[in-house]
1. Since A80 meets every condition but one in (1) loosely packed, with under 10 Cβ neighbours inside 10 Å; (2) in contact (Cβ under 8 Å) with a residue 40 or more places away in the chain; (3) under 26 Å from V130 (Cα atoms), which condition does it not meet?
2. In this structure, does L85 turn out to be part of a helix (DSSP H, G or I), more than 16 Å from the chain's Cα centre (by Cα), more than 18 Å from P105 (Cα to Cα) and without any contact (Cβ under 8 Å) to a residue 60 or more places away in the chain?
3. Return a yes/no flag: does segment 2-20 have any residue that is in contact (Cβ under 8 Å) with a residue 40 or more places away in the chain and not in a helix (DSSP H, G or I).
4. Can you name the residue in segment 103-124 that is in a helix (DSSP H, G or I) and over 15 Å from the mean Cα position of the chain (by Cα) and is also surrounded by the fewest Cβ atoms within 10 Å (Cβ to Cβ) among such residues?
5. Quick one: which of G127, G100 is under 18 Å from F32 (Cβ atoms), surrounded by 11 or more Cβ atoms within 10 Å (Cβ to Cβ) and out of contact with any strand residue (DSSP E or B) (no Cβ under 8 Å at 6 or more places or on another chain)?
Amino acid sequence: MLRLLTALVSGLIFGAGLGLAGMLNPAKVAGFLDLFGNWDPSLAFVMGGGILVNAAGHQLVRRRPSPLFADSFQLPLSQAIDRPLLIGSGIFGIGWGLAGLCPGPVVASLLLNPAGMIPFILLLLAGLWVGQKIAPRLA
């Protein structure tokens, strides 16, 4: 129960941060991607702030012998930049650029604009399903 409560509080804080930073607005993302037009660099500051907070938290958590709600840490074993990673990153970036939103802000926006976000969620789930089917062929 405490694990679920912690996840809920973390998600609420993340969603509130996205809202405060304006990241629930696809026009904000489009402004960041418009390098040769009316460029809005504020998303870079949001990303930089997120990296700093994550790096500090990562250092604190790694000092612990184990996570609070698990027996051990589950860190990625591979550090390789391989074909599946590059393809997945490219597809993610294209989708982010076309929609102006990525999955985190979409979930946070479900309460604000459910009718607009449901199609995105359905396409996201379809993409995850397709990804699971073709991943073995890419490796």
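1. (2) is the only condition that A80 fails.
2. For L85, the condition - part of a helix (DSSP H, G or I), more than 16 Å from the chain's Cα centre (by Cα), more than 18 Å from P105 (Cα to Cα) and without any contact (Cβ under 8 Å) to a residue 60 or more places away in the chain - is not met.
3. no
4. By that ranking, first place goes to A115.
5. G100
Values in this text are rule-based calculations from the coordinates and carry no lab data. Predicted model only: the values in this text are computed from it and were never measured. Cβ coordinates were reconstructed from backbone atoms using ideal geometry, including for glycine residues, and neighbour counts include every protein chain displayed.
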